[in-house]
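Comments concern the structure below.
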Amino acid sequence: MRSILIYAKLSLFFVIEFDIMVKSKSLLILGFVWPEPKSSAAGSRMMQLIDLFAAANYKITFASTAQNLEFSEDLTSLRISVKSIELNSSSFDEFIIELNPEIVLFDRFMVEEQFGWRVSECCPDALKILDTEDLHCLRQARQLAVKQNRKFTFDDLFSDVAKREIASILRCDLTLMVSEFEMDLLQAQFKIDNELLFYLPLFSEQLEENPSFENRTDFVFIGNFLHEPNLDCVRYLANTIWPILYSKLPEAKLFIYGAYPNDKVMQLNNPKINFQVLGRAEEALEVIKNARVMLAPLRFGAGIKGKLLEAMQCGTPSVTSSIGAEAMAGDLEWNGFVMDDPKEFVASAIALYSNASLWKQSQENGYTIVEKRYQKVLFESEFIIRIYSIKENLRQHRNVNFMGSILQFHLNSSTKYMSKWIEEKNKK
């Protein structure tokens, strides 16, 4: 029986490979923002998705309502068509009808809320894929618990944000998840069918040359400051972790990097105790690989953490929290320490910083995690096969997900007419 299944899977794979070679297909990506891979893990994630579809011979169009900023990727240089679109405008309908994409990928659930009903009306046979980046309802529930100085419980999940996010997942044909923990949570807490989910983490690979223990100094943190967990983490480092660590290791420095720092972040800069806030890093991997240890005591968040994955590929051991390490290493040993207590966190950071043997073993642990869990080759074929399979059986796939059809019907009945009312109001 197993040999028959393997043969069937191989046969499907060769059919797909032939389809890729002879047929160009159309993909529309609706971006929450224009991708900035040098500013955030979300930007890197988007570029990795674009690379996957480009390798499968998809003609890609990227559209967004957001402003195209200074550090946004130059997508046109990669032969990707770009389009600025408007909210609550029938001009989008004209655009997508003319494009007629086979697949539409929504970058986060808010974008699906805004444009999903238009896609369904104008291109009903287009496969709809949602990329979550992280589970927003989980991140926000944990953030609320931290602000209220209490422990998070699963009861916190059942918020208005969760209702919106789960509805978006159900309306789509496939949702991409970066965290196995969040996949399990969706199935256990919200009863989402596994057939609607696909595990596709960030990709990574070990850098060819990384400095040795002896050729590195100091600690580092890096993270986009438009992301609330990073803001909170830097404040926690400044007010709780670093004062203790500096008192025990006064020769060391902590360098804080991140795109879009506001005045409150920059005011945390304190050279007197070697706490240096430096803003955007031109090359994130360069600053990470020259640091001896990464510190990331994240108190809330979701998904997997790009900074910690980059630390692994740079051979930089890390000390993080249980939130930071969640779902990243599987059953493998962490590349450093996972500590939630401030004193234990500091003790672990000092041990890693001072003990070359411990540091080198932690570095090897990180390389193993990257090799066994985050290489692109582990996921790309299965991903294309899954998309092809759903496309070939789209009607049946949607019939099984009847709840999604109900939610789509009601979204069309409410959001559609609100949007049209706003559009008419804007004309006046």
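The values are calculated or read from the model by the stated rules, or taken from the named source; none is laboratory data. Keep in mind the model is a prediction, meaning the values are calculated, not measured. As a convention, Cβ positions derive from the backbone with ideal geometry for all residues, glycine included, and neighbour counts pool all protein chains shown. Surface accessibility is based on the protein's heavy atoms, side chains included, excluding ligands, DNA and RNA. Shrake-Rupley method; radii C 1.70, N 1.55, O 1.52, S 1.80 Å.
A 1.4 Å probe over all protein chains sorts ASP218, ASP131, ASP263 by accessible area into ASP263, ASP218, ASP131, starting with the largest.
Would you pull out the residues with amide H under 5 Å of SER26's amide H, same chain only if 5 or more places away, H placed 1.01 Å from N? Under 5 Å from the amide H of SER26 lie the amide H atoms of LYS59, GLU102, ILE103, each far enough along the sequence or on another chain.
Split the accessible area of segment 312-372 by element, probe 1.4 Å, and carbon with sulfur accounts for 47%.
Between THR175 and LEU130, LEU197, PHE198, the built amide H atoms are under 5 Å apart, and every one of these is 5 or more places off in sequence or on another chain. Carbon and sulfur together cover what percent of the accessible area of segment 247-293 at a 1.4 Å probe radius? Summing carbon and sulfur atoms, their accessible area is 49 percent of the total for segment 247-293.
ASP107 contributes an accessible area of around 0 Å² to the protein surface, as traced by a 1.4 Å probe with all chains present.
Across all Cα pairs in segment 232-387, the calculated P(r) in 5 Å bins from zero up to the longest distance comes to 2, 9, 17, 21, 21, 15, 7, 4, 2, 1, 0, 0 percent per bin. Solvent exposure of MET339, expressed as accessible area, is near 50 Å², computed with a probe of 1.4 Å over the protein chains only. With every protein chain present, what is the per residue accessible area of segment 183-278 (1.4 Å probe, Å²)? Accessible surface, normalised per residue, equals 49 Å².
In the complete set of protein chains, residue-level accessible area for VAL377 is approximately 100 Å², probe 1.4 angstrom. Relative to the globular-protein estimate of 2.2 N^0.38 Å, the Cα radius of gyration of segment 190-310 stands at 1.20.
When all protein chains stay in place and ligands, DNA and RNA are ignored, the 1.4 Å accessible-area order of SER81, SER64, SER26, largest first, is SER81, SER26, SER64. Exceedance of the 20 Å cut-off in Cα-Cα distance is limited, within the set LYS128/LYS376; LYS163/LYS191; LYS289/LYS360, to LYS128/LYS376. Between SER89 and GLU282, the simple spin-label model (points 7 angstrom out along Cα→Cβ) gives 3.7 nm. Suppose only helical runs count, i.e. DSSP H with n ≥ 4. What mean residue ellipticity at 222 nm does that imply for the chain under -39500 (n - 2.57) per run, divided by all residues and rounded to the nearest 500 deg cm²/dmol? When only DSSP H runs of four or more count, the value is -15000 deg cm²/dmol. Taking SER24, SER90, SER321 and ordering them by how much accessible surface each has at a 1.4 Å probe, largest first, produces SER24, SER90, SER321. For segment 54-143, how big is the tail of P(r) above 22 Å, as a whole percent of Cα pairs? That fraction is 34 percent. Dipole orientation for segment 216-326: of the candidates PRO261, GLY303, ALA238, ALA238 has the Cα lying most toward the positive pole (charges on Cβ; Lys, Arg +1; Asp, Glu -1).
Summary: within the chain, the longest segment free of GluC sites (Glu not before Pro) located in DSSP loops with at most 12 other C-beta atoms within 10 Å is 284-428.
With both labels modelled 7 Å from their Cα along Cα-to-Cβ, the SER81 to LEU144 distance reads 4.2 nm.
Solvent-accessible surface of segment 285-418, taken per residue with a 1.4 Å probe and all protein chains present: 44 Å². Atom-type composition of the exposed protein surface of segment 62-116 places 42 percent of the accessible area on carbon and sulfur (1.4 angstrom probe).
Among GLN189, GLN143, GLN114, the largest mean-square fluctuation in a Gaussian network model of the chain (Cα springs under 10 Å) belongs to GLN189. Between PRO250, PRO317, PRO35, the Gaussian network model of the chain with springs among Cα atoms under 10 angstrom shows the greatest mean-square fluctuation at PRO250. Expressed as a fraction of 2.2 N^0.38 Å, the C-alpha radius of gyration for segment 230-282 is 1.08. Is segment 341-411 best put as rounded, prolate or oblate by its Cα gyration tensor, with a ≥ b ≥ c the root eigenvalues, rounded for a/c under 1.5, and otherwise prolate when a/b is larger than b/c, oblate when not? In terms of gyration-tensor shape, oblate.
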